[in-house]
Amino acid sequence: MPAQKDRLHGTLDALVLKTLTGGPRHGYAISRWLRERSGEAIVVEEGSLYPALYRLARAGWIEAEWGTSDEGRKARFYRLTPEGRRQLQVEVESFRRFVTAVSPILFTA
Amino acid sequence: MARKRFHEQLRGLIWKAPVTEEVDAELRFHLEMVTRELVEGGMAPEAARAEALRRFGDVESVSKECQQLGRAEQREKRRAAWLSELLQDLTYALRQLRRAPGFTLTAVLTLALGIGATTAIFSAVHSVVLRPFPWASPERVMMVQETFRGEPADMSVGNYVDLKAVSTTFRHLAAQEFTNVSLQEGDTPERLSAGRVTHDFFSVFGVRPQLGRTFLPEEDAPGASSVVVLGHGLWTRRFGADPSLVGRSVRIDGASHTVVGVMPRGFDPTESGEELWVPIAFTPTQRAEHDEHYLTVVGLLAEGRARAQAHAELEPVMRELSVRYPRANPDRGISVRPLAEVIVGDWNEQLLVTLGAVGLVLLIACANVANLLLARGAARARELAIRAALGAGRMRIVRQLLTESLLLGLLGAAAGILFAWAGIQVLLASAPEGIPRLDETRIDGAVLLFALGAALLASLVSGLAPALRAARSDVESVLRQGARGLSQGRDSLRAGLIAGEVALAFTLLVGAGLLVRTALHLSHVPPGFQPEGLVIAQVGLPMARYESAEQVTRTFERVLEGLEGAPGVSSAALSSQVPLGPGGGSNGLLPEGRPETPDQLINSVRRVVSTRYFETLGIALKEGRRFEARDAAGAPPVMIVSEELAARAFPGEGALGRRINCCEAPPNYAKEVVGIVGNVRTRGPMSDPGPEFYLPLRQAPAKSWDWIDRTMTLVVRRSGSTADAITAMRTAVREVDSTLPLSGITTLEDALRASTAASRFRTLLLAVLGIVGLLLAAVGIYGVVAYFVGLRTREIGVRMALGARPMDVLRMLAWQGLRPVLAGLVLGGLGAAWAARLLQASLRGVGPADPVALAAAMALLACVALVATLAPARRALRVDPSQVLGEG
């Protein structure tokens with residue numbers, strides 16, 4: 001079902017973008033942050049995280065740059081572009097509308 | 001912000017780190033981090049590593065997916081960067097050009113001149129030579145001719161019928177006879193060019209009629225009903241483009257013909273101006289006749305067959321015919337050539353030579369623009385050095401400068417197309433008649449493409465060297481010394497450009513000089529007759545009413561009688577052909593005493609003339625007598641020969657009183673030479689006089705009336721105005737037969753002018769190109785010398801302050817300016833030799849290595865170069881030394 005896949009993609013994209021609002025992070029940091037923030041509820045599969053990062057970079061929403069990690073290792077850092085920031089707003093807004101529409105149906109007896 | 005991103009894109013471009021490595025490094029880092037986290041949580045390193053891999057899933061396929069996405073991104077970025085750079089270069093170039101309007105205007109106009117001239121001539125070449133003919137398969141349409149001693153000739157009916165019978169390489173093989181017919185519709189009869197054609201003539205070209213149909217197979221048989229196909233021109237001109245004309249009948253040569261079809265506009269496949277076509281019907285006698293060669297044969301090769309195959313098939317047949325009919329077909333071979341090639345003929349080469357000449361002008365223009373760009377590059381050295389210091393790569397600067405010259409080239413092309421359009425109008429208005437398809441010249445897609453190509457070439461040629469030079473300059477020294485430090489004194493690139501320009505201009509001028517000398521020569525060539533005051537017109541007698549030879553002779557004599565003594569006429573004559581007029585015919589002549597073998601025959605132009613022909617045309621009698629009233633039918637047969645024929649028939653002996661066999665069976669076979677007349681240049685001053693002989697009108701062989709279609713040319717030396725003479729001719733003809741039209745009325749002075757029009761046109765064209773080239777070269781020399789002088793102003797000031805005499809300084813500067821000019825002249829000598837070889841076929845009365853043309857071109861260039869050198873040099877002498885020195 002392509003629609004559902006889009007939904008999932010969209011959600012993952014939004015989550016990744018959101019992760020980067022706090023500043024540049026590398027892929028491992030992103031996956032950790034997502035895990036911790038959701039109280040381990042969401043474990044983004046690394047198998048989907050990295051393709052998502054490359055997809056977002058291609059769309060111009062994030063930019064990659066090599067830098068040094070806290071441990072002093074070379075790592076690829078991702079940073080939100082202005083277009084990415086705008087995209088995040090769009091995604092958040094769209095998710096809010098979705099939840100608003102779905103909640104009364106799902107949560108009432 | 002945008003600048004920074006641009007910078008990053010640029011770096012990404014240069015770096016281009018392999019995506020594979022990036023992805024691998026990134027994933028490796030991730031796995032190591034997870035492993036370390038697990039180890040810190042208390043796992044053994046080995047197990048932690050395995051667990052990290054397990055959690056990650058299929059590393060291989062994730063890596064592959066990421067690489068694909070990454071590569072796609074890189075491609076897109078590169079494209080975007082390229083586009084944005086181009087846009088940046090363009091806006092920058094535009095700004096630069098706007099900042100220097102004088103430079104821009106000069107460069108654009110120079111290029112426009114070069115591109116415009118080249119494009120205009122190319123459009124003509126395209127129209128005449130390159131554009132395919134409007135036939136279904138132009139490449140398969142062939143002209144099939146007999147050859148007589150290697151020269152292509154018309155074909156006899158017998159040969160045509162025999163060749164057609166065996167040929168399988170041709171899908172259609174059709175014959176055409178050019179003829180003239182009288183169209184009797186309305187009050188004024190009209191004489192028209194017509195084609196008598198076999199029914200499949202139209203199939204050869206695959207052109208369908210606009211209305212109705214073409215001929216049916218049974219319609220070119222003897223005794224078939226009379227039908228006619230009209231040309232579009234005649235249909236609109238005489239019949240008001242009436243579509244209901246098809247099926248109606250019109251009167252042609254006194255007989256009623258049913259119009260079965262109308263051909264579309266522009267259908268004139270043999271470029272001979274036929275206005276209608278009637279079927280040709282060969283009688284059994286004609287089909288067996290091999291000696292009368294008058295058919296034009298065209299064929300459509302069968303699918304997949306080549307010209308060489310057709311030739312190989314027909315050649316042995318022709319050889320056999322030559323053996324079977326030795327008298328009729330001596331020394332005959334076969335020639336198969338694409339019809340398009342036959343029609344375009346010499347024009348192909350002539351136009352290409354002209355195109356080459358305009359190409360030279362374009363190159364001169366390019367050299368000038370290159371010089372301008374060099375001067376500008378030097379002036380901008382500082383700006384470029386700063387850009388280089390700021391990190392712009394060398395290629396980047398070259399690209400930037402090339403973009404600028406490309407922009408110049410495009411602007412030049414735009415203006416050049418306007419020039420070309422104007423040039424085409426002038427070309428069409430001034431071009432001589434008779435260049436096939438020239439009137440269809442226009443600016444179309446192919447021509448625009450050519451202009452664009454010329455512009456690109458011009459940009460590249462003129463921009464590359466200056467751009468490379470500017471990018472190569474030593475950044476540091478420029479920044480330290482400023483622009484002045486660059487190219488002090490000598491500058492071999494500029495000198496080289498000047499030498500090249502001079503060489504090109506010299507080539508052009510020598511070419512033009514040779515053609516001008518030819519034109520001068522031609523204007524002095526004696527034509528062999530006195531064209532002033534001669535008026536000519538053709539009269540043709542329709543076979544239907546004038547069948548017997550006696551009838552034809554008698555009628556022409558009556559016309560002549562009516563003319564003699566008419567007001568406005570001082571002398572009148574009749575001839576089957578006059579110089580520069582239509583008609584013709586030749587026979588193989590056998591001087592008496594020579595063995596009767598084909599190689600002894602002298603092919604000689606035949607003229608059937610009235611008694612006063614030589615007096616009327618002013619052809620000199622060298623020996624013997626002219627024709628007289630006693631040279632009548634039944635009297636001893638006589639002929640008059642040209643000096644050329646006399647010399648060939650009886651070399652070293654007198655021809656007078658000797659006998660020559662020709663044209664008829666005995667007893668009239670041998671004819672006595674009673675007079676020798678001067679040679680005549682029948683086809684105009686470009687042609688050499690060939691052997692010619694004259695027969696008296698009343699002794700014309702009966703068959704000859706069929707050969708010349710019962711058509712004679714009336715020639716009148718006027719005593720009053722040309723109009724009076726024409727009126728007298730009309731009256732004389734009308735009084736004999738009021739249905740006979742006069743056609744081809746002209747004066748021989750006009751005809752003479754027309755015969756050299758094409759040659760004069762080319763001369764004018766090349767002369768104009770030579771002058772444009774000369775002017776451009778002068779501008780170039782002036783610019784460079786002025787530049788040198790400018791660079792050396794300081795040095796000149798110092799020299800003068802130290803006591804140098806002005807003459808010394810002037811000599812020094814002149815030498816510097818003239819040295820490349822001299823080098824150019826030497827180089828140009830090679831170019832001139834090449835140009836002369838190309839033009840050789842067009843030259844008359846002047847050798848390709850004509851010292852006058854060479855000296856004139858050299859002197860002209862040297863003068864122009866001297867003026868262009870001295871003018872800026874003299875200005876330098878007015879420099880005030882104290883001021884120059886104070887400046888430093």
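Laboratory data are not the source of any read-out in this text; all were calculated from the coordinates shown. Source: prediction; values computed, not measured. So basically every Cβ, Gly included, is an ideal-geometry build from the backbone, and we count neighbours across all protein chains shown.
Odds and ends about this structure:
- Angle in degrees between helix A:27-37 and the longest Cα principal axis of chain A, rounded to the nearest 10: 40
- With Cα atoms as the point set, chain B shows a radius of gyration and Dmax of 38.9, 142 Å.
- For B:Asp439 and B:Arg99, the FRET efficiency from 1/(1 + (r/R0)^6), where r spans their Cβ atoms and R0 equals 51 Å, is about 0.65.
- Calculated FRET efficiency for the pair B:Glu349/B:Ala308, C-beta based, R₀ 30 Å, to 0.05: 0.85
- For the range B:672-689, backbone nitrogen atoms closer than 11 Å to the point 7 Å from B:Ala647 Cα along Cα-to-C-beta are found at B:679, B:689.
- Shown for chain B are the DSSP H helices of 30 Å or more along their axis, judged by Cα atoms, with a mean Kyte-Doolittle hydropathy of at least -0.5: B:19-40, B:101-125, B:339-379, B:394-430, B:445-472, B:492-524, B:748-791, B:806-839, B:851-877.
- Residue order, fewest to most surrounding Cβ atoms within 10 angstrom, among B:Val608, B:Val207, B:Val426: B:Val426, B:Val207, B:Val608
- Taking other C-beta atoms within 10 angstrom as a stand-in for reagent exposure, B:Cys366, B:Cys66, B:Cys863 fall in the order B:Cys863, B:Cys66, B:Cys366, fewest first.
- Inter-site label distance for B:Ala871 and B:Met395 at 7 Å from Cα along Cβ, in nm: 4.3
- Amide H contacts under 5 Å for B:Val608, placed H, 5+ residues apart: B:Ser576, B:Gln577, B:Leu695
- Distant alpha-carbon pairs in the range B:787-874 (separation over 21 angstrom), percent: 47
- Trypsin sites (Lys or Arg not before Pro) lying in DSSP loop within the range B:62-157, provided at most 14 other Cβ fall within 10 Å: B:Arg149
- Counting lysine pairs in the protein assembly as shown whose alpha carbons fall under 27 angstrom apart, excluding pairs fewer than 8 residues apart on the same chain, gives 18.
- Test item: B:105-116 mean partner chain Cβ contacts at 10 Å: 0
- Radius of gyration, Dmax [the protein assembly as shown; alpha carbons; angstrom]: 43.1, 142
- As a size descriptor, the averaged projected area of the C-alpha convex hull of the range A:15-68 was calculated at 3.7 nm².
- The range B:544-693: projected area of the alpha-carbon convex hull, averaged over directions, in nm²: 10.6
- Remark: the Cα gyration tensor places the range B:237-374 in the oblate category, a/c being 1.5 or greater and a/b not exceeding b/c.
- Compactness check for the range B:709-780: Cα Rg over 2.2 N^0.38 Å is 1.93.
- Estimated 222 nm signal from helices in chain B, with DSSP H stretches of n ≥ 4 weighted -39500 (n - 2.57), rounded to 500: -18500 deg cm²/dmol
- Cysteine residues of chain B whose C-beta has no other cysteine C-beta under 4.7 angstrom: B:Cys66, B:Cys366, B:Cys863.
- For the range B:92-205, Kirkwood radius (reciprocal of mean inverse C-alpha pair distance, Å): 20.1
- Cα long-axis angle, helix A:2-19 against chain A (0 to 90 degrees, to the nearest 10): 50
- The calculated FRET efficiency for the pair A:Glu36 and B:Ala422, based on their C-beta separation and a Förster distance of 60 Å, comes to about 0.15.
- The separation of the range B:390-443 from the range B:229-253, counted between C-alpha centres, amounts to 45 Å.
- Taking label positions 7 Å along the Cα-Cβ direction at both B:Arg630 and A:Arg79, the computed distance is 12.1 nm, reported to one decimal.
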